[in-house]
Amino acid sequence: MNKVYIVIVNYTKYKDTIECLESVLKLTYSNFQILLIDNSPDYLSYAQLKDWSGNQQYEVATEFNTIVYPLVEKPVSTIFFDSENEFRAHLATLDAKIVVIKAQNRGFAAANNIALAYINEKAEKSSFIWILNNDVVVEKNCLKNLVSFFDSHDLNHIVGSKLRFYYKPQLLQAVAGRYNKWLGSTYHIGEGEVDAGQYDDFKLGENNYIVGASMFIPKLFLTKVGLMTEDFFLYYEELDWVLRGKKQGFGCALQSNAIVYHKEGTSIIGSGDAPKRDTSMAEFYSIVNRVKISKKWFKKCLPTVLLGVLFALTKRLTTGKAKLAKEAGSTVLNVLFS
């Protein structure tokens, strides 16, 4: 049974993370280790994770009682590291089921790279890596089905899950992403559609990529392609990783029977249950990184991408988001002329 390293990043949303962990710990495929990086600006999440790992009475709110409950028996085998330096000083003793590392927030890619660097150095060649968002709940057979993909395919693949909306689980969030290089924009294939199996045999094309909420790769990918690029901070890092992988001969594929319920994006379909979020940081990086990814990979498309960015900035100027527009516009100029 090949070992799987599950990499999860938490940023303040410890309730989501704990719900995710409860579902992950019930996976039928048991040979895995969780590497959890806490990027939060304070120690609240870190303290709550400690409490949860040793407290059988810890309450977990969920829409998926049949997946999350009964709660796993506590204490859970967990090692906590107060800093990245402490983590690196103890790499030889990481035998717990869950390893939690308190880190400075240098972005999503940098957080993942803390775990990926360890995996690249210590893991066996036969290992797999599952990059998983913290705001998800996974079905019990999800990991078993992801691993089984490679029973009939070679290792030169990046594999995605079927993502459904957490608050409306009959609807698809995505089976894959599609990138429009002329606009610098991304789209989710299947988003908002009732899942009737219409994408179960979906074949990803050249302009498709695996959505970062659930990316499954063999260690061979890490060996050949390397760590995530940390230039993007938030958004487009998974697309950049996929594009780098394609240059090394890795294709993208969907494992449609690996089901993940994802909270992100529920506001798009108007769920009354989805919590409202401050989107300013997300908007900033979606604008700036649209230009970064285009400059890096599709320079000939920059003129049309910039027209779209200009429209996005103008829209924010006229809708009460002048500060965001000015900061994003200034950063875009720095990206273009750096």
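Looking only at the stretch 21-55, how many residues end up being assigned to a helix (DSSP H, G or I) and free of Cβ contacts under 8 Å to residues at least 60 places away in the same chain?
12
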Subject >> Residues of the stretch 288-338 that turn out to be touching a residue at least 40 places away in the same chain (Cβ under 8 Å) and surrounded by fewer than 19 Cβ atoms within 10 Å (Cβ to Cβ), as a count >> reply: 12
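Yes or no, residue by residue, for (1) among the acidic types (Asp, Glu); (2) modelled with pLDDT of 95 or more:
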{"site": "34", "(1), (2)": "no, yes"}
{"site": "51", "(1), (2)": "yes, yes"}
{"site": "56", "(1), (2)": "no, no"}
{"site": "62", "(1), (2)": "no, yes"}
{"site": "67", "(1), (2)": "no, yes"}
{"site": "77", "(1), (2)": "no, yes"}
{"site": "83", "(1), (2)": "no, yes"}
{"site": "88", "(1), (2)": "no, no"}
{"site": "92", "(1), (2)": "no, no"}
Subject >> Residue list for the stretch 1-43, filter: buried (at least 23 other Cβ atoms within 10 Å of the Cβ), touching a Leu at 6+ places or on another chain (Cβ under 8 Å) and not aliphatic (A, V, I, L, M) >> reply: 10, 17, 20, 38
Original post:
Out of (1) open to solvent by less than 10 Å² (accessible area, probe 1.4 Å); (2) closer than 14 Å to residue 173 by Cα; (3) of a type in the set (Val, Ile, Thr), the odd one out for residue 217 is which?
Top reply: (2)
Subject >> Selection from the stretch 100-112 of residues that are crowded, with 23+ Cβ neighbours inside 10 Å and either of a type in the set (D, E, K, R) or assigned to a strand (DSSP E or B) (or both) >> reply: 100, 101
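Got a sec? Which of 154, 231 is surrounded by fewer than 20 Cβ atoms within 10 Å (Cβ to Cβ), modelled with pLDDT of 95 or more and not in a strand (DSSP E or B)?
On the way: 231 fails: modelled with pLDDT of 95 or more.
None of the other options fit; the residue is 154.
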Subject >> Residues being open to solvent by 10 Å² or more (accessible area, probe 1.4 Å), over 11 Å from residue 218 (Cβ atoms), out of contact with any helix residue (DSSP H, G or I) (no Cβ under 7 Å at 6 or more places or on another chain) and not in a loop (DSSP other than H, G, I, E, B) - total across the stretch 116-151 >> reply: 6
Subject >> residue 224 in a loop (DSSP other than H, G, I, E, B), among the basic types (Lys, Arg) and at pLDDT 95 or above >> reply: no
Original post:
Which one of the conditions (1) over 19 Å from residue 199 (Cα atoms); (2) at pLDDT 95 or above does residue 174 fail to meet, given that it meets all the rest?
Top reply: (1)
Original post:
Of all residues in the stretch 199-214 being within 17 Å of residue 153 (Cβ to Cβ) and among the aliphatic types (A, V, I, L, M), which is least open to solvent (accessible area, probe 1.4 Å)?
Top reply: 210
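Filter the stretch 170-204 down to residues that are in a loop (DSSP other than H, G, I, E, B) and touching a residue at least 60 places away in the same chain (Cβ under 8 Å) and give me whichever is farthest from the chain's Cα centre (by Cα). Lay out the reasoning, then the answer.
Here is the first cut: in the stretch 170-204, the residues in a loop (DSSP other than H, G, I, E, B) are 170, 175, 181-184, 190-193, 195-204.
From the residues that got through so far, the ones that are touching a residue at least 60 places away in the same chain (Cβ under 8 Å) too are 175, 181-184, 191-192.
Numbers: 175: 14, 181: 22, 182: 25, 183: 23, 184: 20, 191: 17, 192: 20 Å.
In this case the residue turns out to be 182.
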**OP:** Considering (1) surrounded by 15 or more Cβ atoms within 10 Å (Cβ to Cβ); (2) touching a residue at least 40 places away in the same chain (Cβ under 8 Å), say which one residue 61 fails and leave the rest.
**Re:** (1)
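The values are calculated or read from the model by the stated rules, or taken from the named source; none is laboratory data. Note that the coordinates shown come from a computational prediction; the quantities given were computed from them, not determined experimentally. Every residue, glycine among them, receives a Cβ derived from its backbone with ideal geometry; neighbour counts consider all protein chains shown. Side chains are part of the model used for accessible areas, which takes the heavy atoms of the whole protein and leaves out ligands, DNA and RNA. Shrake-Rupley method; radii C 1.70, N 1.55, O 1.52, S 1.80 Å.
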